[in-house]
Amino acid sequence: MEKTADISVLEADTFNALRPILGQIAHDFNNLLTPLLAYPSLIKSYLGEDSPGNELIDAISKASEDMIHINEQLMLLASRSIPDKAETPVAELLEQVIAQVSPEIDPARARITLDIQQDLPPVQLSVVHFSKAMRSLLMNAYESKADDVAITVSARATSVSSDVRAQYGAPYAGEYLQVCVRDDGPGFDKEILPKATIPFVTTKKELRRRGSGLGLTVAHVICRDHGGFLHLENPPEGGASASIFLPLVRQTDPSEIGTTAEAPGADGAVVSRNKDRILLVDDEATIIKLFQMIISSALPGCEVETANNGKEALDLFAEHHHGCIVMDLHMPVMDGQTAFKEIIELSKRKGWEPPAVVFCTGFAPPDMVNRIVADSSLHCLLSKPVRGEVLVEAIRNRIS
């Protein structure tokens, strides 16, 4: 019988054309997943500790966690925004990533060895995105053998010459940080290797792990968004090797100096914000209802008001001067980013202390929002879907 092509494989050009649609679908799933993530703990609070229903609730929670993991990968792949990067010491970060992945790796099955060059130069990278890429490579190496897997994580500065640039798939010749994850497994299948970073290509279907076929794609996209590249190969000595190449830190361009946004606030004496009033802003009725229930239960001394878009939020804030606003970023009429700017301007005109804002989004946040959060601990950013306890803690920290 003639072997047919695997229809789960999407060619790169087709996938790129589908990215905007994929992003919208993933965003809608984030809103649907929020109740699945937040309701279980709320339901368990009504059940006794010995209730047989707790086991069923835990099963729902586990399923929602798996769905969230897949959706996070889809959101990252669909995003076209460049992540905010900061100068980062790589050695410490690699140790942190390995510690984060350790609970998923059985020490009886695998051992990880670190080999890091001394005095590595710093690298401009997004810690969150780099950690996701490293997790994908580590899990790929861990699953290369059924047991006794030897994994080596090395990091060094290296030079990619013009002669080998095309061979490596490097965007340009120059100095790079190379972080290599090598295992002693059977290596990449020779037929799979050329297309290993295409979405949904996988050699691990027998593992029945949800999300298989996206890990190397995620790592590839993250490297590209950092101006680097991902290189996969079967070394002559055996096993498989996956290397992240990131450009080393360059000197700051003078034209880039002074572009950091100033922290919002008002000069002189200000009227204190009403910390017992909280405003929820979201165009999804189910999320508004869920968040209102969670906050009212956890913070009974606070009055919780709601708005369906940024314009309604601005009008309510002008009337009540809320202490904290939970703000969705993507809404009709007026989006969250615009509403934030209007609220800050209104606070300045009235001589009010600005509110704390907990931004919530299922998309990659705009650069302006990242800067707002980085410049002031008064504000924070949560990614949907949001756990109830995480939401409450973010609010409590800003009104206490």
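The values are calculated or read from the model by the stated rules, or taken from the named source; none is laboratory data. Only a predicted model underlies this, so the values are computations on that prediction, with no experimental measurement involved. Neighbour counts are summed over all protein chains in view; Cβ atoms, including those assigned to glycine, are modelled from backbone coordinates with ideal geometry. Surface areas here come from the heavy atoms of the whole protein model, side chains and all, with no ligands, DNA or RNA. Shrake-Rupley method; radii C 1.70, N 1.55, O 1.52, S 1.80 Å.
The accessible area of THR113, taken with all protein chains in place and a 1.4 Å probe, comes to roughly 70 Å².
Under 1.5 on a/c is rounded, so check that first for region 272-400, then, if it is not, pick prolate when a/b is larger than b/c and oblate when it is not; a ≥ b ≥ c are the square roots of the alpha carbon gyration tensor eigenvalues. Rounded. The gain in end-to-end length when the LYS311 to LEU32 segment is fully stretched comes to 98.0 nm, 0.36 nm per residue minus the alpha carbon separation.
Simple spin-label estimate for ASN234 and GLU389 gives 4.6 nm between the two label positions (7 Å along the Cα-to-Cβ direction from each Cα). By a 1.4 Å probe calculation restricted to protein chains, VAL333 has an accessible surface near 120 Å², given to the nearest 10. Between LEU114 and LEU56, the FRET efficiency from the beta-carbon distance, with R0 = 30 Å, is close to 0.10. Phi angles across region 238-243 convert, under the Karplus curve 6.51 cos²θ - 1.76 cosθ + 1.60 with θ = phi - 60°, into 3J(HN,Hα) values of x, x, 10, 9, 10, 10 Hz, Gly and Pro given as x.
Sorting LYS341, LYS190 by accessible area puts them as LYS190, LYS341; the probe is 1.4 Å, largest comes first, and only protein heavy atoms count. Residues in region 289-304 carry Karplus couplings, in order, of 5, 5, 4, 4, 5, 5, 5, 4, 6, 7, 10, x, x, 9, 9, 10 Hz; the curve used is 6.51 cos²θ - 1.76 cosθ + 1.60 with θ = phi - 60°, and Gly or Pro positions show x. Label separation (TYR172 vs SER41): 4.5 nm, computed from points 7 Å beyond Cα along the C-beta direction. The phi-based Karplus calculation (6.51 cos²θ - 1.76 cosθ + 1.60; θ = phi - 60°) puts the 3J(HN,Hα) values of region 135-143 at 4, 4, 5, 5, 5, 5, 5, 4, 8 Hz, whole numbers, x for Gly and Pro.
Cross-link check: pairs LYS62/LYS85; LYS132/LYS384; LYS85/LYS275; LYS85/LYS348 evaluated at a Cα-Cα cut-off of 23 Å; pairs beyond the cut-off: LYS62/LYS85; LYS85/LYS275; LYS85/LYS348. A DSSP coil position with no more than 16 other Cβ atoms inside 10 Å describes the following chymotrypsin sites (Phe, Trp or Tyr not before Pro) in region 87-173: TYR172. Apolar share of the accessible surface for region 346-400: 48 percent from carbon plus sulfur atoms, 1.4 Å probe.
For trypsin sites (Lys or Arg not before Pro), no site in region 271-320 is both called loop by DSSP and has at most 13 other Cβ atoms within 10 Å. Ligands, DNA and RNA left out, the accessible area of region 277-336 computed with a 1.4 Å probe is 50% carbon and sulfur.
Per-residue surface analysis assigns MET334 an accessible area of about 30 Å², computed on protein heavy atoms at 1.4 Å probe radius.
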